[in-house]
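Engineer: I am attaching a structure below and will ask some questions about it afterwards.
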Amino acid sequence: MTGVESPLPSIAIVGRPNVGKSTLVNRIAGGREAIVEQKPGVTRDRKELEAEWQGRHFIVVDSGGWVPGGSALDQKVSRQSEQAIARADAVILVVDASVGITSEDDSVANLVRRTDQPIFLAANKVDSPQRAKEMWQYLSLGLGDAWAISALHGDGTGDLLDAVLAVLPDEPEPEPDPVGENPDDEQGRELFSVALVGRPNVGKSTLYNRMVGEDRAVVHDMPGTTRDTTDTVVATDAGPIRFVDTAGMRRRAKVEDGTEYFSFVRALRAVDGADVALLIIDSSSGITHQDQRLAERVDAAGCPIVVILNKWDITGTEQRALLTEQLEDKLHFLPESAVIRMSALTGRGVSRLIPALDEAITDYHTRIPTGRVNQVIRRAQQAQPGPHGARVLYATQGAVDPPTFTLFANKTLPATYVRYLERYLRRECELGGTPIKMRVRQR
């Protein structure tokens with residue numbers, strides 16, 4: 001499995017921490033795509049976004065602040081910046097004009113000067129005439145004249161983009177659609193989105209990197225390392241799939257600072273927009289109350305769920321037996337969801353993930369003929385008639401993604417009886433763990 005590279009030219013936004021890189025990325029992308037807060041170290045992973053300017057389409061790459069030396073986490077974040085520089089067609093080095101040149105700016109400038117890509121120096125936070133007059137000082141960085149911009153207000157960013165796009169390679173021509181193409185094939189469908197969710201430090205980013213085939217997300221044993229959602233399209237045996245890594249989610253009451261709040265919101269948005277969710281649980285810790293509450297939230301989003309029991313290789317025999325009991329007790333509301341025991345770190349058991357996703361996706365798309373639906377409902381009512389003479393007169397599947405059934409009844413059906421019919425449909429029609437929507441209309 002490998003990540004699918006975008007054919008569009010790319011621009012890497014780099015610099016030391018807290019110079020406004022993510023603010024500039026948001027300005028270029030045209031929305032609040034990257035988390036921004038007035039403190040260093042908010043961005044850690046490499047985030048790629050498609051953008052457009054004056055009819056040209058390209059990829060803008062946000063990265064964490066590059067810090068020479070520093071902690072182990074700082075070094076991993078810095079490597080993400082270095083990879084962004086190496087892969088980009090052009091580089092924008094951002095410095096903070098409100099502070100001036102620092103030793104860290106010098107270090108980043110030395111780094112980018114070693115590359116062959118065109119480099120543009122952007123002096124950010126130029127929001128006064130006095131700062132605009134001080135652009136000469138940035139010549140000492142050896143990168144030519146600096147572009148005076150204010151990423152927050154948009155001043156100067158258009159001129160900067162015009163200059164950068166002038167040196168980018170041409171955008172590739174779109175391939176013509178084959179005549180007579182089957183609308184049901186891979187090219188005619190939207191990419192499936194698979195969200196990796198779980199509480200902090202359960203191994204989401206480790207699994208994400210293994211699926212992508214490279215270190216796109218920073219992995220560290222400190223909870224909360226991932227701050228924003230990152231996604232990559234991966235070519236698999238089941239076709240191209242978009243994997244979305246999310247920040248670890250805690251109970252809302254424990255979400256403290258602004259960064260964690262926005263991370264929490266982005267993670268929820270990723271879950272709501274996903275076609276399949278991977279609920280990742282730390283086997284060595286067991287299924288906690290927090291895991292249970294998170295599973296309820298993911299289940300409410302209405303997408304299929306695959307349960308990942310990660311770190312299985314370091315889980316003892318007694319703990320494994322306990323996990324089996326906890327699955328039946330604490331996650332009983334997840335209907336027949338696939339459960340995969342694996343180690344994202346070593347790769348053991350990961351090969352079972354794509355077949356499970358393929359099956360979940362197939363079930364999500366399932367459409368059952370009306371005759372078959374009514375046959376199953378009729379047998380269900382024969383086995384267990386509805387209370388007080390209530391019965392389904394006719395049933396049909398009205399939609400897929402997920403399978404949605406409409407039941408026409410002679411009177412109100414109790415919720416417990418509707419759940420019984422749902423379980424019967426699921427079993428007889430082999431719908432696996434995909435969500436099912438049941439709508440009842442009275443005739």
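Engineer: Given H placed on each backbone N at 1.01 Å, which residues far from residue 236 in sequence or on other chains put an amide H within less than 5 Å of it?
Structural biologist: For residue 236, the qualifying residues are 241.
Engineer: If you stretched the chain out fully between residue 313 and residue 87, how much longer would it get, using 0.36 nm times the residue separation minus the C-alpha to C-alpha distance?
Structural biologist: Additional length available on full extension: 77.9 nm.
Engineer: Determine the percent antiparallel among the DSSP beta bridges restricted to the stretch 370-442, to the nearest 5.
Structural biologist: 50 percent
Engineer: Short version: ³J(HN,Hα) in whole Hz for each residue of the stretch 425-436, in order, from phi by Karplus 6.51 cos²θ - 1.76 cosθ + 1.60 (θ = phi - 60°), x for Gly and Pro, what are they?
Structural biologist: 4, 4, 5, 6, 9, 6, 8, x, x, 5, x, 10
Engineer: Taking amide H atoms as placed 1.01 Å from N in the peptide plane, list the residues 5 or more away in sequence, or in a different chain, whose amide H sits under 5 Å from that of residue 337.
Structural biologist: Under 5 Å from the amide H of residue 337 lies no amide H from a residue far enough along the sequence or on another chain.
Engineer: If neighbour count is taken as other Cβ atoms inside 10 Å, put 418, 202, 306 in order from fewest to most.
Structural biologist: Sorted ascending by nearby Cβ count, the order is 418, 306, 202.
Engineer: Same structure again: Using a 7 Å offset from Cα along Cα-Cβ at residue 131, what residues in the stretch 11-28 end up with backbone N under 20 Å from the label point?
Structural biologist: Output list for this probe position: 13-28.
Engineer: Given labels modelled 7 Å from the Cα in the Cβ direction, how far is it in nm from residue 396 to residue 57?
Structural biologist: Here the modelled spin labels are 3.8 nm apart.
Engineer: When you count, for each residue, the other Cβ atoms within 10 Å and take the mean per peptide, how do 314-326, 142-154 rank with the highest first?
Structural biologist: 142-154, 314-326
Engineer: Something else now. Return the FRET efficiency for the residue pair residue 153, residue 79: r is the Cβ-Cβ distance, R0 is 45 Å, and the value is rounded to the nearest 0.05.
Structural biologist: 0.90
Engineer: Whole-Hz Karplus ³J(HN,Hα) for the stretch 14-27, in order, using 6.51 cos²θ - 1.76 cosθ + 1.60 and θ = phi - 60°, x for Gly and Pro?
Structural biologist: Those phi angles translate into 10, x, 5, x, 6, 9, x, 4, 5, 5, 5, 4, 4, 5 Hz.
Engineer: Residue 427 to residue 115: FRET efficiency via 1/(1 + (r/R0)^6), r the Cβ-Cβ distance, R0 56 Å, to the nearest 0.05?
Structural biologist: According to the calculation, E is roughly 0.40.
Engineer: Could I ask something else about it? Greater than 23 Å separation of Cα atoms is the criterion. Which listed pairs, 311/437; 204/311; 47/437; 204/437, meet it?
Structural biologist: 311/437; 47/437; 204/437
Engineer: Tell me, what HN-Hα J-couplings in whole Hz come from the Karplus equation 6.51 cos²θ - 1.76 cosθ + 1.60 at θ = phi - 60° for each residue of the stretch 139-149, using x for Gly and Pro?
Structural biologist: Coupling constants for the stretch 139-149: 4, 5, 7, x, 10, x, 5, 8, 8, 7, 9 Hz.
Engineer: Would you grab the residues whose amide H sits under 5 Å from the one on residue 10? Only those 5+ places off in sequence or on another chain, please, with H modelled 1.01 Å from N.
Structural biologist: Excluding prolines and chain starts, which carry no amide H, the hits are 59, 89, 90.
Each value in this text was obtained by applying a stated rule to the coordinates, not by laboratory testing. Just so we're clear, the structure is a prediction, and the values are computed from it rather than from any experiment. Glycine gets a Cβ as well: all are built from the backbone with ideal geometry, and neighbour counts include every protein chain shown.
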